[in-house]
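The values are calculated or read from the model by the stated rules, or taken from the named source; none is laboratory data. Because the structure is a prediction, the values reported are computed rather than measured. Quick reminder, even Gly has a Cβ in these numbers, built from the backbone with ideal geometry, and neighbours come from all protein chains shown.
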Amino acid sequence: MLGTKGMHTLGGKDWDDILINMVCNRFQQQFDMDPRSDGAELEKLSVLCEDYKKMLTDEESISARIECFGKSGGENGSGYTITRSEFETESRWLLEETGDIVNELLKDLGLKPSDIDDAILVGGSSRMPMVRDYVASMGPWKVVVRRDAETAVAKGAAVLADMYSERPRSSVPNFSEVTSHSLGVLAADPEGNRYVNDVVIPIYSNIPCTGRRSLRIEPKNRTDVIEVYTLQGESDIPLDCAVTARYEIRGFENYGDSAVIDLEYSYSKEGTVQVSAMQNDKKLVVTPRPAPAADEIGWMGEAPGNRTVDVPIDSGIVICIDLSRSMEGNLQEVKEAVRDFVNKVTGPRTRVGLVGFADRVRTYIEMSSNTAPISSALADMKIGKLGRGTDASPLPVAEDMLFGTEGSRTVIILTDGRWGHRDRAVEEAEECRSNGIRVLAIGFGESDLSFLKQIASLSDAEKLASLGDLRRRFSTIATQMAADSDGLREEAS
């Protein structure tokens, strides 16, 4: 199979409707009553006109008898005479639409009518002389009408079913399927001026097939969810295409630095479409959502920046404070900086947890949007309660506390000393990152900057600060996070 093209809304019923309108127009002229206004009468007439269409295949004219609203159409109720010539004239535009489709297919495939040997007609409509004559006029090919024209499609479906069955068979028909439409995703054009249909799987691709695209999130956009709309059609204008599905992608790392998501679009031999997403070899969560209705996609014809949606987000922050002996004399300043930070970032959908660590780890505050207990928990943090050194890492505990948070997840570590078991801590930090958890490390005093760089998620996520500078440093982080943590983010789509 080289290619395929069609119009799902064009078929034998369109010729039936031509006859229905011809008969109803004459009835309305005669009685000033329209059978199309009554569902029951129209249904009865539809059955009659399908039979009349078949009769015109062999007859030059027919008498279309119609009884509606207790009245019989035609002179003395004898019906309306409709000739084949009249019917062909009224339905000529249907043939021309079919011809346009055939010509488009040949053009797409780079073929000329002279390259075609036979034009095989299938379907009940191929019995009509006008169809055979029109197809013959389009090219030098031989027009073939199968004896089983009405059942050819059903037989083809049976052959296909046999191919997919597990029953042994002696031979398999040698043909391949191709996509009948291009499949794409909604995207902004390179200039960001309009939405376009970015084709991922072109028309006439051999099935099964797969296409990939990289999606880049704009800098400073710290969204935690991406909406993907899949489109079907050849036009680059989204509103000229069919919107087939909508997906939400979550679980990726995004720190406002132009994160990249790799999207995979696959079309199976069974005709199903699958969408998956990856970031740095990590599989992301892709959730199908109901496709929008036709009256809900008008924004696709506008500039991308014109649409904003309120996207509810959950954010989780675990603050881990070093309580080893070397923190003596520094702890009070750290507590005050943490208190200020929490007041700035908290919101109705932000949950905060508090952890202390030294030779042991203790959870002082479980994850909660109620930050009132923070002050008393900070007051309860004492040097020496958890040991003298820093042999215990708070990262596994913090990761467990953030489990179940769908939005942004952040661990902030404040430390002034050198950690024991640093290799293990680096592995734990890597596990956090692989699970979409951002790690910020703020060190002061005798902190090992190279170690902080290893456990932090970003190159600028590790900081050395003097105690006097700690509040300002913390305040900067709080300001950046507060914009994402007020319960609703306004996100351009």
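The table below lists the values:
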| quantity | calculated |
| --- | --- |
| Residue within segment 47-62 that is polar (S, T, N, Q), in contact with a helix residue (DSSP H, G or I) (Cβ under 9 Å, 6 or more places away or on another chain) and not assigned by TED's automatic domain parsing to the domain that holds Cys241 present | yes |
| Number of the condition not met by Ser393 [criteria: (1) hydroxyl-bearing (Ser, Thr, Tyr); (2) in contact with a His (Cβ under 9 Å, 6 or more places away or on another chain); (3) touching a residue at least 40 places away in the same chain (Cβ under 8 Å)] | (3) |
| Residue satisfying all of: in segment 107-127; among the polar types (S, T, N, Q) and free of Cβ contacts under 8 Å to residues at least 60 places away in the same chain; nearest to Met1 (Cα to Cα) among these | Ser114 |
| Residue check for Leu106: crowded, with 17+ Cβ neighbours inside 10 Å, at pLDDT 90 or above and either not assigned by TED's automatic domain parsing to the domain that holds Met33 or not in a loop (DSSP other than H, G, I, E, B) (or both) | yes |
| Lone unmet requirement of (1) more than 30 Å from Gly305 (Cα to Cα); (2) modelled with pLDDT under 90 for Val135 | (2) |
| Flag if Asn221 is buried (at least 19 other Cβ atoms within 10 Å of the Cβ) and not in a strand (DSSP E or B) | no |
| Strands (runs of 3 or more DSSP E) within segment 348-464 that include 2 or more residues under 41 Å from the mean Cα position of the chain (by Cα) and either under 15 Å from Val318 (Cβ atoms) or at pLDDT 85 or above (or both) | 350-357, 361-368, 409-415, 437-443 |
| Ala259 being within 21 Å of Ile207 (Cβ to Cβ) and either outside the structural domain of Gly6 (by TED's automatic domain parsing) or out of contact with any His (no Cβ under 7 Å at 6 or more places or on another chain) (or both) | no |
| Single unsatisfied condition, Thr287 versus (1) surrounded by 14 or more Cβ atoms within 10 Å (Cβ to Cβ); (2) in contact with a Phe, Trp or Tyr (Cβ under 7 Å, 6 or more places away or on another chain); (3) not charged (D, E, K, R) | (1) |
| Residue within segment 44-56 that is more than 18 Å from Gly124 (Cα to Cα) and of a type outside the set (Ser, Thr, Tyr) present | yes |
| Hits in segment 8-43 (condition: over 30 Å from Leu121 (Cβ atoms) and of a type in the set (Phe, Trp, Tyr)) | Phe27, Phe31 |
| So Arg307, is it surrounded by fewer than 19 Cβ atoms within 10 Å (Cβ to Cβ) and at pLDDT below 85 | yes |
| Filter result (at pLDDT below 90 and assigned to a helix (DSSP H, G or I)) within segment 110-129 | Gly124, Ser125, Ser126, Arg127, Pro129 |
| Subset of segment 63-106 (residues that are under 17 Å from Gly124 (Cβ atoms) and either among the charged types (D, E, K, R) or without any contact (Cβ under 8 Å) to a residue 60 or more places away in the chain (or both)) | Arg84, Glu88, Leu95 |
| Top-ranked residue in segment 389-411 [being surrounded by 21 or more Cβ atoms within 10 Å (Cβ to Cβ) and touching a Cys at 6+ places or on another chain (Cβ under 7 Å); ranked as farthest from Ile249 (Cα to Cα)] | Pro394 |
| Given (1) closer than 30 Å to Gly233 by Cα; (2) more than 43 Å from the chain's Cα centre (by Cα), index of the condition Gly3 fails | (2) |
| Residue in segment 61-72 that is on the phi > 0 side of the Ramachandran plot and surrounded by 12 or more Cβ atoms within 10 Å (Cβ to Cβ) present | yes |
| Test: residue in segment 69-86 that is basic (Lys, Arg) and in contact with a helix residue (DSSP H, G or I) (Cβ under 6 Å, 6 or more places away or on another chain) | yes |
| Subset tally (residues that are of a type outside the set (A, V, I, L, M), under 52 Å from the mean Cα position of the chain (by Cα) and closer than 16 Å to Gln29 by Cβ) for segment 63-83 | 2 |
| In segment 11-58, the residues that are outside any helix (DSSP H, G or I) and surrounded by 14 or more Cβ atoms within 10 Å (Cβ to Cβ) | Gly11, Met33, Asp34, Asp38 |
| Residue match in segment 204-213 (condition: in contact with a strand residue (DSSP E or B) (Cβ under 9 Å, 6 or more places away or on another chain), in a loop (DSSP other than H, G, I, E, B) and among the basic types (Lys, Arg)) | no |
| Condition met for Pro238 (farther than 23 Å from Val439 by Cβ, crowded, with 20+ Cβ neighbours inside 10 Å and of a type outside the set (A, V, I, L, M, F, W, C)) | yes |
| Among residues of segment 354-373, those that are within 11 Å of Lys385 (Cβ to Cβ) and either charged (D, E, K, R) or outside the structural domain of Gly387 (by TED's automatic domain parsing) (or both), counted | 3 |
